[in-house]
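Only one structure is covered here, and it is reproduced in the block below.
Just so you know, all these numbers are worked out from the coordinates, no wet-lab data involved. All of these numbers come straight from a predicted model, not from anything done at the bench. Every residue, glycine among them, receives a Cβ derived from its backbone with ideal geometry; neighbour counts consider all protein chains shown.
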Amino acid sequence: MSYIDTFYRRTIDDNYTYPALSGVAECETCVIGAGLAGVTTALQLLKAGQTVVLLEAERIGWGASGRNGGFVSPGYANGGDAIERAVGPDHARKLHALSIEGMKFVRDIIDELEIASAAPTHGIMRVVRYENSKSLLAHAGYLQREFDYSVKYMNRDQVQEVLHSKRYFQALRDPHAFHMHPLNYLRSLAREIQRLGGRIFEGSPALSCDLSRSEKIVRTNRGEVRTRRVIVASGGYTTGLFPKIKRSFLPIATYVMLTEEAPDLIRQAVATTDAIGDNRRAGDYYRIVDGGKRLLWGGRITTRAASPRALALELRREMVSTYPQLADLKIETSWSGLMSYARHFMPQIGQLYPDVWFCTAFGGHGLNTTAIAGKVVAEAILGQSDRYQLFKPFGLVWAGGLGGLSAAQITYWKLQAQDWWRERSSA
């Protein structure tokens, strides 16, 4: 077992391998999936004195959790207006407050465990590629008024002082949001789980389950876990072991590339340590990494896994069309990851059966939402709160199968066309 070649794998803090499950393990809670959601939930339960077994088919953070852009900011994959239309303004405000709490929770864990290798850097800019000042100012006012959450509006001149591209107009800069090394963060949490007595088994996919009795059994290829409860915290790589969960989301691929070392050249384009994301549904997201030496650039989504190398060429074309001064910047490596998207673009959190929980479908916005999901699921199990019920309107709705994949691709094309038209109109 090994991690794929990513910037995060190349800069991993430790590469300790946890054993595969062999024989029988007993616990109060078995967590299936050692991504962000599973690791966070397991840690919260252990802190409260629960006994926990964490099963992972590959390695800690092997999937999208350990190979994403590293952005930690409030919000969900779905937009605030759409959430409000679905559940009403008061409910939507409570959900957004949870997303802020999730972001702060990640930062608090980094501070508590002194995870220097996560390299958190504050500042994320959300830029627009067409004139949209009124909307951005209104949103900044809403965040300040409703959540006492301050973001900075940047006009076009201010944006172009740090992002030397004619593509960009205005931005909102969030000084509270940050970006980090997600794989080192995850592996540090895993070490803390082990220190607290939790048992982690890598290379141990859950192959079958008996959930019919109070003592539930999860079987792997060489052992089994006997447990009071099960938490399914897998994402885009979920198997068909739980068909209802598998049918409830679409696996969507996204792509990331890493440039060569060229700090002087990169500074001619990007003169900020902030992470950057544009406002398109499948827009670009990028940040300077490796102490200012390289650019990590992500974007594009597909409903079928494509060659990361081929998609990297498209990402590079996008980078150069945004920053022509980077035309000579070479790409060193590229990779992809599968995210899980529900049709409603919201996390799916709840109980499949009594004492069988699901925690999935974070839709490319997982570094804050997985944290709050793990926290509210643990609170529910421990009898501390029922805040997970805020996600009840966004349940395990059928994602549409192959038809859903086709519909998602059509929606993506429509959004691209809208983005293109807005840019043309503002050019």
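Summary table below
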item: In the chain, lysine pairs closer than 14 Å at Cα, eight or more apart or cross-chain; result: 5
item: Estimated [θ] at 222 nm from DSSP helical runs (n ≥ 4, -39500 (n - 2.57)) normalised by residues in the chain, nearest 500; result: -11000 deg cm²/dmol
item: Cα centre as origin, Lys/Arg/Asp/Glu Cβ charges: the chain dipole, Debye; result: 980 debye
item: Gain on full stretching of the segment that runs from residue 144 to residue 85 - 0.36 nm per residue minus C-alpha separation; result: 19.1 nm
item: Segment residue 210-residue 194, extension gain: residue separation times 0.36 nm, minus the distance between their alpha carbons; result: 3.1 nm
item: Net dipole in debye of the stretch 65-108 [+1 Lys, Arg Cβ; -1 Asp, Glu Cβ; about Cα centre; nearest 20]; result: 140 debye
item: Gyration tensor (Cα) of the stretch 1-160, equivalent ellipsoid semi-axes in angstrom; result: 36, 21, 14
item: Estimated FRET transfer efficiency (residue 352, residue 157; beta-carbon r; R0 56 Å; 0.05); result: 0.60
item: All-pairs alpha carbon distance profile, the chain, 20 Å steps from 0, percent; result: 27, 59, 14, 0
item: Whole-angstrom gap from the stretch 110-166 to the stretch 68-102, using each part's C-alpha centre; result: 16 Å
item: Label-point separation in nm, residue 222 to residue 385, each point 7 Å along Cα→Cβ; result: 4.0 nm
item: Simple spin-label estimate for residue 268 and residue 135 in nanometres, 7 Å along Cα-Cβ; result: 3.3 nm
item: Under 5 Å, built H, 5+ apart or other chain: amide partners of residue 357; result: 230, 231, 232, 352
item: Principal semi-axes in Å for the stretch 143-214 [√(5λ), Cα gyration tensor, largest first]; result: 45, 18, 15
item: Contact order normalised by residue count of the stretch 1-104, Cα under 8 Å, 6+ apart, percent; result: 24 percent
item: Sequence ranges 25-35, 215-225, ranked by mean other-Cβ count within 10 angstrom, highest first; result: 25-35, 215-225
